[in-house]
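The structure under discussion appears below in the form of structure tokens.
The values are calculated or read from the model by the stated rules, or taken from the named source; none is laboratory data. All values derive from a computational prediction rather than experimental measurement. A quick note on method: Cβ atoms are made from the backbone with ideal geometry, for glycine too, and the neighbour counts reach across all protein chains shown.
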Amino acid sequence: MKKVLLVNPWIYDFSAYDFGIKPVGLLRIGQFLREKGAKINLVDCMEGCSRRKDEYGFSKIRKEKIDKPDILRDIERAYFRYGIPISEFLKKISAISEIDEIYVTSGMTYWYPGVHLAIKLLKDRFNKTPVTLGGIYATICHTHACLTSNADIIWKGSFFDKEYFCQSGFYPAYDLLLDKEILPIQLTAGCPFRCTYCASRIFSAKFEMKDPVNLFEEVMHYNRAFGTKSFVFYDDALAYKSSKGIKKFLRLVIASGEQFTFHTPNGLHARFIDEELAELFKKTNFRDLRISLETSDEGVQQFTGGKVNNNDLKLALRNLKEAGFAKKDLGVYILMGASYIDMENTMDDIIFINSLGAKAILASYSPIPGTLDYKVLVKNKIIKNNIDPLWHNKTIFSELLMPAYIHKAREIRRFTSNLNKT
């Protein structure tokens with residue numbers, strides 16, 4: 001029997017929060033290999049690191065302050081490694097006698113120091129075992145990963161195609177997780193829009209939707225197997241083609257009589273939240289809904305892809321409030337720090353959101369290789385191509401390239417926090 005080790009590395013960043021994220025792709029690989037007869041072990045550096053969960057079940061993550069890399073020296077904020085202590089990681093891998101294959105996943109491109117550390121420690125322990133690296137960093141910064149990670153194989157793109165995504169009964173190996181209180185689920189893959197700042201197309205060239213019946217069966221499986229009652233959608237376009245997808249799924253949930261809780265931290269397309277969908281969200285206990293706007297400047301909306309306009313948002317929020325949602329459960333994402341969004345306009349965006357009875361949720365801008373935004377920034381010589389992925393961090397991009405941003409951003413965050421409480 002082949003023995004396989006799956007590893008989810010640490011996060012290296014200035015801040016991090018657990019919104020129910022799990023290493024789903026890695027666990028799909030685990031299930032695929034298990035069905036081929038392999039014995040699977042998981043070492044998750046984020047496992048058991050939640051700190052005081054909020055009312056929605058999300059939480060801060062255990063962290064250790066560490067020295068900043070040279071590139072980040074001028075950032076006047078503490079830098080952390082999020083996850084289990086290194087000593088615990090070493091203890092976990094030391095308890096494993098022998099392994100035939102190792103698969104390491106990767107999250108944000110600028111979290112790569114955690115990936116590199118994990119691979120180094122794994123190589124020290126299993127020096128004859130091949131290590132395959134995949135995930136976001138490995139895909140978006142493939143060349144950097146090939147040159148610096150020390151992995152034997154660097155996998156670019158998704159491990160699974162439409163066949164596996166849509167297949168009935170094929171679920172990630174969530175049984176390997178210790179904490180199954182909140183689990184990610186996915187109805188759709190990809191996005192029909194082409195926003196200039198978004199990397200969705202790099203991972204899913206086409207929009208795909210699985211049968212809502214299959215997703216309902218998956219949710220019921222997790223409920224029966226693990227007692228899970230709370231689920232997180234990480235779809236990029238959950239509300240798109242809603243009559244064939246999410247509406248059908250939610251009607252099945254209602255018909256089942258089961259009481260679940262659902263969250264949408266990735267952001268929903270306001271254009272598709274009609275009266276019926278808003279009512280279904282309410283009846284099936286969606287909480288802390290997040291809706292994408294980015295900016296109320298209609299010129300910038302068109303410039304960045306035209307996925308939403310102010311009227312779309314007004315109608316969506318009206319439908320949601322009429323369905324019974326209150327301000328505390330209606331968050332609208334505002335993009336802050338992009339070169340084409342003036343900071344004064346950001347203040348206007350926040351006031352606009354508040355006037356509609358919703359909370360403004362500030363999302364700091366970061367340039368992602370492969371996006372149109374990134375190509376324009378390189379062309380205009382604002383950033384260099386193939387720069388160290390640490391430069392993709394939302395903090396370094398804004399604070400080092402726009403020095404006046406720092407104090408203004410703090411002022412905006414305080415203003416937003418106060419306004420959201422009213």
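Set side by side, the residues F281, F231, F249 differ, and just one is of a type in the set (A, V, I, L, M, F, W, C) and assigned to a strand (DSSP E or B), which is F231. From the list M1, M108, M46, exactly one residue is over 30 Å from F397 (Cβ atoms), modelled with pLDDT under 95 and out of contact with any helix residue (DSSP H, G or I) (no Cβ under 6 Å at 6 or more places or on another chain). Which is it? Result of the check over M1, M108, M46: M1. The residues listed here are L313, L317, L330; of these, the one that is under 13 Å from E294 (Cβ atoms), in the same structural domain as C195 (by TED's automatic domain parsing) and either at pLDDT 90 or above or surrounded by 18 or more Cβ atoms within 10 Å (Cβ to Cβ) (or both) is L313.
For R81, the test of being among the charged types (D, E, K, R) and touching a helix residue (DSSP H, G or I) at 6+ places or on another chain (Cβ under 6 Å) is failed.
When M336 is tested against the conditions (1) under 22 Å from the mean Cα position of the chain (by Cα); (2) without any contact (Cβ under 8 Å) to a residue 40 or more places away in the chain, the lone failure is (2). Do we have F303 as more than 29 Å from F352 (Cβ to Cβ) and either in contact (Cβ under 8 Å) with a residue 40 or more places away in the chain or of a type in the set (D, E, K, R) (or both) here? Answer is no for this residue.
For segment 219-240, the set of residues classified as closer than 15 Å to F207 by Cα and free of Cβ contacts under 8 Å to residues at least 40 places away in the same chain consists of A239 only. Residue-level check: of (1) touching a Leu at 6+ places or on another chain (Cβ under 8 Å); (2) closer than 24 Å to D175 by Cα; (3) in a loop (DSSP other than H, G, I, E, B), L26 misses just (3). Test R125 against the stated conditions and say whether it is among the basic types (K, R) and closer than 27 Å to T261 by Cβ. Answer is no for this residue. Only one entry in I71, I99 is at pLDDT below 95 and surrounded by 16 or more Cβ atoms within 10 Å (Cβ to Cβ), namely I71.
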